[in-house]
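Chemist: Next up is a structure, given as structure tokens.
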Amino acid sequence: MSLRFEIRKTNNAARRSTLHTPHGEVETPVFMPVGTAATVKGVPQDLLEQLDVQILLGNTYHLYLRPGIDQIRKLGGLHRFMSWPRAILTDSGGFQVFSLSDLRKVTEEGVTFRSHLDGSSHFLSPETAIGAQIGLGADIIMAFDECTEFPADRKRLRDSMEMTLRWAARSKKHFQEHKSEVPWARIYPDYYDDVCVCVGDGQASKNGARVIENDDLRLPAKAQALFGIVQGGMDHALRKESAERTIDIGFDGYAVGGLSVGEPRALTREVVESTLQHLPKDKPRYLMGVGTPEEIVEYANLGIDMMDCVLPTRAARHGLLFTSEGKISIKQARYSGDQSPLDPSCSCPVCRRYSRAYLRHLYSSNEVLSQVLNTIHNLTYYLDTMRRVRHSI
Ligand SMILES: [Zn+2]
């Protein structure tokens, strides 16, 4: 296995851990800001470092369409392309294909779809999605799955889950066969000198690196990790079966997918809780695409280690700000003469320096800086929320 996951403390179901990735350590439970197109919209990388972001999420679908996987690979992979030396997780592209693209056609082989940018036709399969993620070179990559819609009847849920399981096995097979093609190998020959590019059978890898099984925990993690995704909709029995059979295939970590697709929040929580019972305790658990500040605290307390959501960044661009005193819509006229900081309990660079009146002015004048400052604050709020959760464990 290529990912070290060190559980340092537990408190009931919650765990405080360190993920050792090829690009640094990540303290969990962690909230991962979404950097869709190789950027967290509006926030430069040096500032993300200042905010102590340890891991970013990149969207394979968007990067695949623009600027293209080959282009990023030629430029040294996603870390070097966007000048982000810390950890990155990429999704498989599946979710965006299902939510953004037009004219999807799903077959056993994969998904044919039209780009939401220019209508061009593309094909994503377990093999091409894993190949794309190896080309991008994220530290953690995801198996290609079908995100089942909500609501769906039991037959549809089972058929979809079965296909996701077959796709998971194909994802793993392709990963095993091609993981030594990660772009760090070529761009960072020194870095990859003594690397364990695990091909599993002791053969030398293409780049001539010494190849050993990376089960030796004394070695730093220097290879990509692949996570499997549990599906099964809102059906507890199918979730259990999906978890068990995904674990049988064997992954470095496990994600709970197929949630936040329009179901009531109480149901999301119920499914998360029941799915977690079936996941191995010694592997990282990633809940995809959630949630509000209250929800991420709740899920961390249930034993989730990793989460991502566009909410803090997207809401910020619409002037919706999360504060210790509740949500604030900065567009409201009541803030036009308000000299107080956005959130008196927040120590982010925005709250330390600017007034609500100024932030309201920037928003109503449609200034670019409005989106930048709002995003910095909201991200800080989410990151601080997780810091507090870690300290409480
Ligand atoms: Zn702030």
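The values are calculated or read from the model by the stated rules, or taken from the named source; none is laboratory data. This is a predicted model, so every value here is computed, not measured. Cβ coordinates were reconstructed from backbone atoms using ideal geometry, including for glycine residues, and neighbour counts include every protein chain displayed. Remember, those area values only see protein heavy atoms, side chains included, never the ligands or the DNA or RNA. Shrake-Rupley method; radii C 1.70, N 1.55, O 1.52, S 1.80 Å.
Chemist: Nearest 5 percent is fine: what portion of the DSSP beta bridges confined to the chain is antiparallel?
Modeler: Details: 24 of 46 bridges.
Around 50 percent of the beta bridges assigned by DSSP in the chain are antiparallel ones.
Chemist: Please list Arg285, Arg73 from largest to smallest accessible area, probe radius 1.4 Å, with all protein chains kept in place.
Modeler: Details: Arg285 15, Arg73 55 Å².
So, going from the largest accessible area down, we get Arg73, Arg285.
Chemist: Less than 28 Å apart at the alpha-carbon level, and either on another chain or at least 8 residues along: which lysines does that give for Lys331?
Modeler: Answer for Lys331, where 28 Å is the Cα cut-off: Lys41, listed by chain and number.
Chemist: Where Lys and Arg each count +1 and Asp and Glu each count -1, what net charge lies around Leu320 among other residues with Cβ under 12 Å from its Cβ? Present the calculation step by step, with values, prior to reporting the outcome.
Modeler: Details: positive: Arg314, Arg317, Lys327, Lys331; negative: none.
Charge balance near Leu320 sits at +4.
Chemist: Please calculate the 1.4 Å probe accessible area of Asp282, with all protein chains present, and give it to the nearest 10 Å².
Modeler: Approximately 100 Å² for this residue.
Chemist: Give, as a single signed number, the net charge of other residues whose beta carbon lies under 14 Å from the beta carbon of Asp46, with Lys and Arg counted +1 and Asp and Glu -1.
Modeler: Numbers: positive: Arg86; negative: Glu49, Asp52.
That works out to -1.
Chemist: What does the charge count around Tyr286 come to, taking other residues whose C-beta lies under 12 Å from its C-beta (Lys +1, Arg +1, Asp -1, Glu -1)?
Modeler: With Lys, Arg at +1 and Asp, Glu at -1, the net is -2.
Chemist: Order Phe251, Phe81, most accessible first, counting only protein heavy atoms with a 1.4 angstrom probe. Can you show the working numbers first?
Modeler: Working: Phe251 5, Phe81 85 Å².
These residues rank, largest area first, as Phe81, Phe251.
Chemist: Hey, another quick one. Angle between the Cα long axis of helix 154-178 and the longest principal axis of the chain, 0 to 90 degrees, nearest 10?
Modeler: Helix 154-178 and the main axis of the chain meet at about 70 degrees.
Chemist: Based solely on its DSSP helices, what 222 nm [θ] is calculated for the chain when runs of n ≥ 4 H residues each add -39,500 (n - 2.57) and the sum is averaged over all residues, nearest 500 deg cm²/dmol? Numbers along the way, then the final one.
Modeler: Working: 15 runs with 151 residues, N = 393.
After summing the helix terms and dividing by the residues of the chain, the value is -11500 deg cm²/dmol.
Chemist: If you count only protein heavy atoms with a 1.4 Å probe, what accessible area per residue comes out for the stretch 1-58, rounded to a whole Å²? Could you put the intermediate results ahead of the total?
Modeler: On the way: 2180 Å² over 58 residues.
Per-residue value: 38 Å².
Chemist: What angle do you read, to the nearest 10 degrees and between 0 and 90, between the alpha-carbon axis of helix 293-302 and the longest principal axis of the chain?
Modeler: So the helix axis and the longest Cα principal axis differ by about 40 degrees.
Chemist: From the alpha carbon gyration tensor of the chain, can you work out the equivalent ellipsoid semi-axes (sqrt of 5 times each eigenvalue) and give them in Å, largest to smallest? Please report the intermediate quantities before stating the final value.
Modeler: Working: eigenvalues 222, 118, 98 Å².
Over the Cα atoms of the chain, the ellipsoid semi-axes are 33, 24, 22 Å.
Chemist: Report P(r) for the stretch 43-164: all Cα-Cα distances, bin width 5 Å, range 0 to the bin holding the largest distance, values in whole percent.
Modeler: Result, from short to long distances: 2, 11, 20, 20, 18, 13, 9, 5, 3, 0 percent.
Chemist: Quick one: accessible surface of Ser392, probe radius 1.4 Å, all protein chains present, in square angstrom to the nearest 10.
Modeler: So the heavy atoms of Ser392 present about 70 Å² to solvent.
Chemist: Express the carbon and sulfur contribution to the solvent-accessible surface of the chain as a percent, rounded to the nearest whole number, probe 1.4 angstrom.
Modeler: Numbers: 8150 of 16410 Å².
That share works out to 50 percent.
Chemist: Please calculate the 1.4 Å probe accessible area of Lys327, with all protein chains present, and give it to the nearest 10 Å².
Modeler: Probe radius 1.4 Å; accessible area of Lys327 about 140 Å².
Chemist: Still on this structure: Counting only Cα, what are the radius of gyration and maximum Cα-Cα distance Dmax of the stretch 265-321, in Å?
Modeler: Rg then Dmax for the stretch 265-321, in Å: 12.6, 40.
Chemist: Separate question: Quick one: order Lys105, Lys74 from most to least accessible surface, probe 1.4 Å.
Modeler: On the way: Lys105 125, Lys74 155 Å².
Largest accessible area first, the list is Lys74, Lys105.
Chemist: Sequence neighbours fewer than 8 away in the same chain don't count; with that in mind, list the lysines whose C-alpha is under 19 Å from Lys281.
Modeler: Within the straight-line limit of under 19 Å, Lys281 reaches these lysines: Lys9, Lys240.
Chemist: Compute the accessible area per residue over the stretch 278-393, keeping the other protein chains in place, probe 1.4 Å, unit Å².
Modeler: On the way: 5040 Å² over 116 residues.
Averaged over the residues of the stretch 278-393, the accessible area is 43 Å².
Chemist: Still on this model: Assuming a ≥ b ≥ c are the square roots of the Cα gyration tensor eigenvalues, decide whether the stretch 350-393 counts as rounded (a/c under 1.5), prolate (otherwise, with a/b larger than b/c) or oblate.
Modeler: Taking the square roots of the gyration eigenvalues as a ≥ b ≥ c, the stretch 350-393 is prolate.
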